[in-house]
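Read the figures in this text as sums done on the coordinates, not as results from a lab. This is a predicted model, so every value here is computed, not measured. For neighbour counting, all protein chains shown are included, and Cβ atoms are generated from backbone atoms with ideal geometry for every residue, glycine included.
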Amino acid sequence: MVEDRLKGLKKAMKHTVFKDLQFQDEHKFLIMKKIQQERETDEMVLLALLQLLTSRRTGFELTELLRARHIQKFDEKEGFLYTLLHRLEQKQYITGEWEEVKYYLLNDKGRKLLQKAEKQENRHYTLKALLEG
Amino acid sequence: MQGKKESFLKDVINQIKSKEAKAFIEKELSLHIKANKISWMKKGLKEHEAEEKAIKQMGNPLQLGKDLNKLHRPKIDWLMMGLLLAAFGFGFLPLSVIDGEYDSYPLIVNKIIQVIFGVGITVGVMLLDYRKLEKYRMNFYKIGCVFLLFIILFSNTQVNGYSYIHIPGLFEINAYYALPFFFVGWAGILNQKKLTVWYFLKLWIFSFLLFYMSNQSIIINGLYLMMILVMLWWSKLDKKKVIWILSTMAAIIVSIVVILLSTVKEYQLTRLYAFLHPNETNGGYMYLKIKEVLENAEWIGASKLFVLPQSHTDFAFVSIVNAYGYIAGVLLLVVLLVFLLRLIKILHLVQIQNSYGKLLVIGGMVLYVAPVVYNIGMVVGLLPIIGMYLPFISYGMLSIFLHAIGIGIALSIYRRKDLQNKTI
């Protein structure tokens with residue numbers, strides 16, 4: 001009985017409320033992305049970023065390289081990578097240098113942080129402070 | 001379509017307050033968009049489509065601007081501000097229990113004026129960009145010299161045998177007003193890599209002669225010398241040069257000390273003897289009195305009140321312990337110590353990125369630490385009593401100007417710690 005009525009509701013909504021809403025590819029894409037983004041923890045992103053920064057990179061190169069690692073945190077908001085980079089620079093884990101374009105590179109303090117973070121067990125503790133700063 | 005990128009950048013930049021940050025963020029984001037656009041064009045998109053896509057991929061410009069502003073706005077070191085006010089606050093304690101030779105009401109009013117003056121100077125200096133001071137280094141040096149010259153020419157009062165300019169109804173001027181200018185100037189002079197040994201000695205000897213001719217106390221001379229020596233040691237000057245300079249200075253100072261010792265006044269020897277053997281001479285009175293006060297104080301609250309001379313100036317610490325107990329004294333020491341730790345923290349913040357800022361913090365640290373250590377050292381009986389004040393706490397305008405500028409500069413450095421100083 002109840003199930004029948006629910007079926008009726010679903011049918012009715014299809015013709016009324018959801019009449020104008022079409023589940024387009026774009027929506028599907030965004031939802032998938034959102035799910036994916038939430039699955040990667042911020043710590044993973046930061047760890048990947050620190051690993052990439054063992055070589056000198058520009059912000060744009062980093063977005064490409066992160067994407068190649070299937071990290072989607074900065075997809076459709078690449079600008080926000082720079083807030084993270086600038087924060088790391090302020091906390092003196094990486095050094096930024098301008099030559100035409102700005103390059104970033106892990107320094108000694110950053111390398112120590114990366115080594116610590118790569119030792120799985122206390123990663124959470126090590127990186128937490130950075131993300132909250 | 002050209003306008004889209006500009007309007008995106010403008011939306012970001014408008015959220016950001018710091019001028020310097022605006023410039024480099026705009027450039028960095030613009031280059032990112034450009035690189036991304038080229039990459040899309042290579043994949044076959046037309047130019048305007050590529051640009052639109054690249055801009056869209058940056059995300060929400062308003063949110064981005066807000067986040068970046070949070071990172072790059074100038075910051076106020078509230079801890080240091082709080083310490084400054086706490087130290088000034090402690091300075092009122094000896095005034096309210098003063099008795100005998102002074103009336104406490106006008107002293108409190110004066111102290112309020114001193115605090116307002118001190119806080120005003122501190123905040124004013126904090127708002128200045130310390131990096132811009134470096135290029136005026138010679139001007140600051142000259143202002144210091146002019147102050148001393150004024151004292152040489154116009155001094156009209158002597159206190160304890162040392163010269164002051166007394167402006168009736170207003171205040172007194174001595175070399176304490178020259179010190180901060182020398183401080184800012186020397187930090188800049190010592191930050192020049194091409195500074196020669198000869199040029200350094202010329203500047204030092206000239207100022208040294210002015211100090212000598214203006215008849216200033218040995219304390220001011222000592223502070224000046226110590227400040228220069230420590231900044232010199234930490235400067236990026238070649239160590240060979242530093243050694244040359246130091247040995248020449250040592251030779252000069254030793255010969256002066258020899259001359260001074262041969263003309264040493266009897267009262268000075270008496271004073272030194274009193275320090276070494278307080279029980280046997282009249283001069284030992286203060287040492288014994290202070291000892292008595294410190295030994296008989298309560299943990300909280302007043303013990304039997306002693307009348308101490310200079311209880312609100314040089315012996316402010318003793319009179320606070322006497323009237324409010326050991327706990328108050330310990331709290332005061334904690335405030336003074338945290339001050340120092342904070343300066344060390346600021347030194348760490350600045351030393352990688354700005355060598356001028358580093359020298360400023362180091363010089364300011366000497367000017368702060370030397371009086372504190374000496375003052376506390378002498379009241380606990382480790383050092384001979386001289387007219388050494390306790391920064392911020394001792395009553396008096398002269399030292400406030402010096403320390404307000406020192407702390408103001410430390411705050412200015414903290415304020416700009418997150419701004420990029422590398423040119424784009």
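Over all directions, the average projected area of the alpha-carbon convex hull for chain B comes to how many nm²?
Averaged projected hull area, Cα only: 26.6 nm².
Hey, what number do you get for the protein assembly as shown at 222 nm if only DSSP H runs of n ≥ 4 count, each worth -39500 (n - 2.57), divided across all residues, to the nearest 500?
-22000 deg cm²/dmol
What is the average number of partner chain Cβ atoms found within 10 Å of a Cβ in A:73-81?
On the way: counts 0, 3, 2, 5, 7, 10, 18, 7, 3.
Across the residues of A:73-81, the mean count of other-chain Cβ atoms within 10 Å is 6.
Over all directions, average the projected area of the Cα convex hull of the stretch B:2-72 and note it in nm².
4.2 nm²
Residues of the stretch B:179-212 with backbone nitrogen within less than 18 Å of a virtual label 7 Å along the Cα-to-Cβ line of B:THR248, please, listed as ranges.
Counting only backbone N, you get B:186-187, B:189-210.
Once each part is reduced to its C-alpha centroid, what is the distance from the stretch B:138-166 to the stretch B:20-90 in angstrom?
One Cα centre to the other: 50 Å.
Please work out the FRET efficiency for the pair A:LEU105 and A:MET44, using the Cβ-Cβ distance as r and a Förster radius of 25 Å; give the result to the nearest 0.05.
Numbers: r = 21 Å, r/R0 = 0.85.
Approximately 0.75, to the nearest 0.05.
Between B:HIS348 and B:SER262, what is the spin-label point distance in nm, taking each point 7 Å from the Cα along the Cα→C-beta axis?
The two pseudo-label positions are separated by 5.1 nm.
Find how much the distance from B:LEU340 to B:LEU153 grows on full extension, using 0.36 nm per residue of separation minus their present alpha carbon separation; answer in nm with one decimal.
63.6 nm
Fully extended, how many nm does the chain gain between A:GLU64 and A:ALA12 (0.36 nm per residue separation, minus their Cα-Cα distance)?
Working it through step by step, the gained length comes to 14.1 nm.
Sort A:ASP108, A:ASP25, B:ASP77, A:ASP75 so that the residue with the fewest other Cβ atoms within 10 Å of its own Cβ comes first and the one with the most comes last.
Taking fewest neighbouring Cβ atoms as first place, the list is A:ASP25, A:ASP108, A:ASP75, B:ASP77.
For B:ASN139 and B:LYS66, what is the calculated FRET efficiency with R₀ set at 45 Å and r taken between the beta-carbons, to the nearest 0.05?
0.65
Describe numerically, in nm with one decimal, the distance between label points set 7 Å from Cα along Cα→Cβ at B:ASP103 and at B:LYS4.
Label-label distance for B:ASP103 and B:LYS4, simple model: 7.9 nm.
Restricting the calculation to Cα positions, tell me the Rg (one decimal) and the Dmax (whole number) of the stretch B:13-142 in Å.
Reported Rg and Dmax, both Å: 26.6, 92.
Using 7 Å Cα-to-Cβ label points, what is the B:LYS42/B:GLU292 separation (nm, one decimal)?
Label-label distance for B:LYS42 and B:GLU292, simple model: 8.8 nm.
Determine the shape class of the stretch B:301-409: with a ≥ b ≥ c the square roots of the Cα gyration tensor eigenvalues, call it rounded for a/c under 1.5, and otherwise prolate if a/b is greater than b/c, oblate otherwise.
Cα axes put the stretch B:301-409 in the prolate bin.
For peptide A:92-104, compute the average count of partner chain beta-carbon atoms within 10 Å of each residue's beta-carbon.
Per-residue shielding by partner chains comes out at 3.
Rounded to the nearest 0.05, what FRET efficiency do A:GLN51 and B:SER255 give with R0 = 45 Å and r taken as the Cβ-Cβ distance? Could you check?
The value I calculate is 0.15.
Throw me the Rg/Rh for the protein assembly as shown, computed over C-alpha atoms with Kirkwood Rh, two decimals. Could the numbers behind the result be given before it?
On the way: Rg = 31.9 Å, Rh = 28.3 Å.
A ratio of 1.13.
With 10 angstrom as the radius, rank B:PHE8, B:PHE306 by how many other C-beta atoms surround their C-beta, starting from the fewest.
So the ranking, lowest neighbour count to highest, is B:PHE306, B:PHE8.
Per residue of B:64-72, count partner chain C-beta atoms within 10 Å of its C-beta, then hand back the mean as an integer.
4
Can you put B:PHE211, A:PHE29 in order, fewest other beta carbons within 10 Å first? The partial results should precede the final answer.
Values: B:PHE211 23, A:PHE29 10.
Going from sparsest to densest Cβ surroundings: A:PHE29, B:PHE211.
Which angle between 0 and 90 degrees, to the nearest 10, do you get for helix B:47-56 versus the longest principal axis of chain B when only C-alpha atoms count?
The two axes meet at around 40 degrees.
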